[in-house]
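Worksheet: one structure, shown below.
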Amino acid sequence: MTELKTIFITGAAGGMGSSTAKLFKEKGWFIGCYDINKGNLENLEKELGNNNIIYGQLDVTDKGQFEECLNSFSLKTKNKLDILFNNAGITEGGFFEEIPYQNHINIININIIGVINGIYSASKLLKNTPNSLCISTSSSSGIMGMEMIATYSATKHAVKGLTESLSAEFSRFDTRVSDILPGVIDTPMISNEIKSNLPKDGIWRLISSSEIANTVWESYHSNKIHWYVPRELEALEKQVAESPEKTMEKLKKSGPLSSDS
């Protein structure tokens, strides 16, 4: 049993998830690291050890499995959950009609159904923890629909909308709800070819996954709903609101936009 602050991370075994686990370990929190990739979880365990950390294999599309993992986690945290970080997600690029139909469904199931499963299953623990936070990974493609990643972009818009709705609802039991909208983050999902073509500066520059971890940490100490990484992406949000047509034309000329998480 622990009196430490607690965080439950999905997609914890790589990229943004593992960076977040490492930071919160440094901060002295109790961490739940969950991922569908068993091999990557084992590698993370070798790196971080077992002191105040629990690991578990989790398919976020399986609500029953999500509940089992949260139950195992809660047994070690006195039924407390300070942060739920819905981070697991997948993407696939290509023309909409050329991507296999089942691949579209998989993106939807992981990126939005998985988030709903997590929030729904963790709601009792969040309610039971004063000033708790539910934070999910959206995307810069949740700001403006982007070509070649249409279904992915749609799921990230859904995460953003869900965040705004639940931010209002969950305030009644002292739980804050927010999301992170990353640009191009340096994770295994970004190919070397894409990295080599990225600009050196601007909103589509390559950003370390540690910046996402720092944002999760900062968000716990704030009431802000949307977190843009890099922060310049907030200006894009305003441009979309003013004129989505002009913004779309501008985006087509501004460089790689389809590899942001």
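Numbers at a glance
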quantity: Within region 130-166, tally of residues that are over 16 Å from Y120 (Cβ atoms) and among the polar types (S, T, N, Q); calculated: 9
quantity: Qualifying residue in region 232-248 (condition: more than 19 Å from the chain's Cα centre (by Cα), part of a loop (DSSP other than H, G, I, E, B), hydrophobic (A, V, I, L, M, F, W, C) and more than 21 Å from A150 (Cβ to Cβ)); calculated: no
quantity: Residue count for region 1-16, restricted to those that are closer than 16 Å to A122 by Cβ and surrounded by 24 or more Cβ atoms within 10 Å (Cβ to Cβ); calculated: 7
quantity: Count - residues of region 199-226 that are in a helix (DSSP H, G or I) and surrounded by fewer than 19 Cβ atoms within 10 Å (Cβ to Cβ); calculated: 5
quantity: Inter-residue pairs, beta-carbon under 7 Å, first small (G, A, S) and in region 15-40, second assigned to a helix (DSSP H, G or I) and surrounded by fewer than 19 Cβ atoms within 10 Å (Cβ to Cβ), 6+ apart; calculated: S19/S210; A21/L48
quantity: Any hit, region 97-104, residues being under 19 Å from M16 (Cβ atoms) and either surrounded by 16 or more Cβ atoms within 10 Å (Cβ to Cβ) or aliphatic (A, V, I, L, M) (or both); calculated: no
quantity: Failed item, numbered, when L126 is tested on (1) surrounded by 15 or more Cβ atoms within 10 Å (Cβ to Cβ); (2) farther than 25 Å from I36 by Cβ; (3) over 16 Å from the mean Cα position of the chain (by Cα); (4) not aromatic (F, W, Y); calculated: (2)
quantity: Options I110, I105; residue that is under 30 Å from S141 (Cβ atoms) and in contact (Cβ under 8 Å) with a residue 40 or more places away in the chain; calculated: I110
quantity: Residue that is farthest from I7 (Cα to Cα) [pool: residues in region 73-108 that are more than 16 Å from the chain's Cα centre (by Cα) and small (G, A, S)]; calculated: G94
quantity: Count of residues meeting criterion [modelled with pLDDT under 80 and among the polar types (S, T, N, Q)] in region 175-192; calculated: 2
quantity: Residue match in region 157-174 (condition: over 18 Å from the mean Cα position of the chain (by Cα), on the phi > 0 side of the Ramachandran plot and among the charged types (D, E, K, R)); calculated: yes
quantity: Any hit, region 82-95, residues being surrounded by 15 or more Cβ atoms within 10 Å (Cβ to Cβ) and over 30 Å from G145 (Cβ atoms); calculated: yes
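The values are calculated or read from the model by the stated rules, or taken from the named source; none is laboratory data. Small disclaimer: the values here were computed from a predicted structure and weren't measured. Ideal geometry is used to build each Cβ from the backbone, glycine not excepted, and the neighbour counts take in all protein chains shown.
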